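These notes concern the structure reproduced below.
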């Protein structure tokens, strides 16, 4: 197989191709060796999995490798959300966690995500060490499981303690006033996390896709508009529904549908919640967003006089700021966020409940709240496209980025940001971001502008820049 490579959220592969038991054992052994070489070697590791094929089997195999290596192992008894595993690391004071998840990727994928003792996604220095250890063993070493120690294995279900913790972070009594809420865990780990706290408060829950399905209904388990048309249809068809909330396969991402069936982009949710948390909860601190996330966040921050931290793509960088208690909220355009005092990991469950709380306490639908926010800080409209490159264009693309145009769509380029990719800030506040995929011949093109027409012009100019020889 090809070398083990950790991306922004761990190592992922296709089942029965590169994601097979032999390779899983090697990666888990590399994690075990990494932990045992550090200061947390005696604190134990949590092992969890999402609702994909073979999740339980991979997790139990990992537990065997870990206990054979003398590591105390806390094995989740059911598929468990990624943010819940993050919570459990901190709750137990564990050395970290191994989570078998491919998040929102299609069902043929699985993956291994390692989170160290601080609870967030592993930073590059950590994943590099694990990669080197794993690749040195590939095809040469099969970890010895004959020494498995059952006394080092403890089975756990962290759902109760996590939900109890949410009680102090979400105003569920306010949410009760919504009356009817549509819930969509997308066949994933959000089952019994999104619905049960609402049912406990007497909220009328309209549940869809609430059973485990490793095929995820035939779509990637991502709560993006194009994959949740059944959910949008449900909300549109029932005038009693005040809000629709959804999570992805491992419940670290969120999807919000307004009362009229309008899908609300995650970019806007981050800005709305920042404004809400400052106004209603009087929370203090900065805000973090990835380089690809809407500058509506910046406009809200300016309105309230708070600092903005711009990070590379990957929630690990936002999570680090959460763990350092520097920010009120941090988020990414790809539907991940967390808040001050919570886990340093994307939490789609918390995000959904915070939106429900905001709608309940404001007494207005999300769309109206967004329009009112625009009236205060200005309008920001965002878009993202994936553009496939021919071999010749892929070869020339790096040199093309070295020669930045002086204007885009008739507007001067005022600044160039290379935090992650190449971001062109235009004189009117519009911007374009070019990020080349590390695994395929694709450029991710992000754009933002104050109007639909300007955004259309900016994105067209971005496509021309990429595709013209």
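Computed from the coordinates by the stated procedures, all read-outs in this text should not be read as laboratory data. What you are looking at is a predicted structure, and each value in this text was computed from that prediction instead of being measured. Ideal geometry is used to build each Cβ from the backbone, glycine not excepted, and the neighbour counts take in all protein chains shown.
Observations on the model:
- Stokes-Einstein D in µm²/s, Kirkwood radius over Cα pairs - the stretch 11-158 at 10 °C with 1.306 mPa s viscosity: 107 µm²/s
- Sum of -39500 (n - 2.57) over DSSP H runs of 4+, divided by residues of the chain (222 nm, nearest 500): -11000 deg cm²/dmol
- Percent antiparallel among DSSP beta bridges (both partners in the chain, rounded to 5): 60 percent
- Our summary gives the stretch 11-158 a relative contact order of 34 percent, counting only alpha carbon pairs under 8 angstrom and 6 or more residues apart.
- Relative contact order of the stretch 167-377, pairs being alpha-carbon contacts under 8 Å that are 6 or more residues apart, as %: 21 percent
- Separation of alpha-carbon centers, the stretch 252-279 and the stretch 435-466, rounded to whole Å: 23 Å
- Centre separation in Å (Cα based) which lies between the stretch 192-223 and the stretch 18-40: 33 Å
- Peptides 287-293, 40-46 ranked from most to least packed, by the mean per-residue count of other Cβ atoms within 10 Å: 287-293, 40-46.
- Rounded D (µm²/s) - the chain, Kirkwood Rh over Cα pairs, Stokes-Einstein at 25 °C, 0.890 mPa s: 107 µm²/s
- Where only C-alpha atoms are counted, convex hull volume of the stretch 319-426 per residue in Å³: 181 Å³
- Computed from Cα atoms alone, the Kirkwood hydrodynamic radius reported for the stretch 117-206 is 17.7 Å.
- Stokes-Einstein diffusion for the stretch 167-377 at 37 °C, viscosity 0.692 mPa s, with a Kirkwood radius from C-alpha pairs, works out to 194 µm²/s.
- Both numbers refer to the Cα atoms of the stretch 289-376; Rg and Dmax are 13.1, 35 Å.
- The rule of thumb for compact globular proteins, 2.2 N^0.38 Å, goes into the C-alpha radius of gyration of the stretch 381-467 1.02 times.
- Separation of alpha-carbon centers, the stretch 316-372 and the stretch 101-144, rounded to whole Å: 27 Å
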